[in-house]
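Below is one structure, written out as structure tokens, with a few remarks after it.
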Amino acid sequence: MVAAMIEQDRRISEIVEEERSRLRNFIRRRVGDPSDVEDIVQEVFCELVEANRLLMPIDHVTGWLFRVARNRIIDLFRKKKPETFSDWAAEDADGELPRIEDLLPSPDAGPEAVYVRGVLLDELESALDELPEEQREVFVAHELEGRSFKELSAESGVSVNTLLSRKRYAVLHLRERLRTIYDESTRK
């Protein structure tokens, strides 16, 4: 029995050496954070060891490893908090995220601030208008009106995951669009 366990350990070590690089590359293409990549690689090989110790039959080890890796990647994305538009903004001293109004120059700061404020509001409105209607509706409802995805899903009949995806694309577009305006206004 000891000889069989030693043989199993040797075989697992061989599999780890043979598949580690391919598995890591597979995960890296799907997960951006290098520490998450390493965590998933370790989890997959730990599951292999556990399955081996429980004498679970695994016909195609490579396919099994990649299937487990895909499942761990899905688990990781399910755990991640959905992005909000305000995520890129820094918290203030009280730990509060600024509202859009707080990010704009004060109209009391003089004629130049009033002009910049107007330009930024116009650009925000234009950027929102550039979005497909479904993305714009989800963004406005969640970010500006403060409605929950569950509430929006119940009202529209669209799944929460679809709403999250639409909002994500809206956020990416708005960030890119407004980052350009921000960079241009701070270069002066």
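Before moving on, here are some points about what is shown:
- Residues in region 46-62 that are modelled with pLDDT under 85 and surrounded by 10 or more Cβ atoms within 10 Å (Cβ to Cβ): 10 in all.
- Pair list, Cβ under 9 Å, 6 or more apart: region 64-78 residue without any contact (Cβ under 8 Å) to a residue 40 or more places away in the chain, other residue among the aliphatic types (A, V, I, L, M) and not in a helix (DSSP H, G or I): Trp64/Ile58; Phe77/Val31
- Hits in region 135-157 - residues which are surrounded by 16 or more Cβ atoms within 10 Å (Cβ to Cβ) and free of Cβ contacts under 8 Å to residues at least 60 places away in the same chain: Gln135, Arg136, Glu137, Val138, Phe139, Ala141, His142, Glu143, Leu152, Ser153
- Test for Glu155: is it at pLDDT 80 or above and in contact with a His (Cβ under 9 Å, 6 or more places away or on another chain): no
The values are calculated or read from the model by the stated rules, or taken from the named source; none is laboratory data. Predicted model, so just to flag it, every value in this text is computed and none were measured. With ideal geometry, Cβ positions are generated from the backbone for all residues, glycine too; neighbour counts draw on all protein chains shown.
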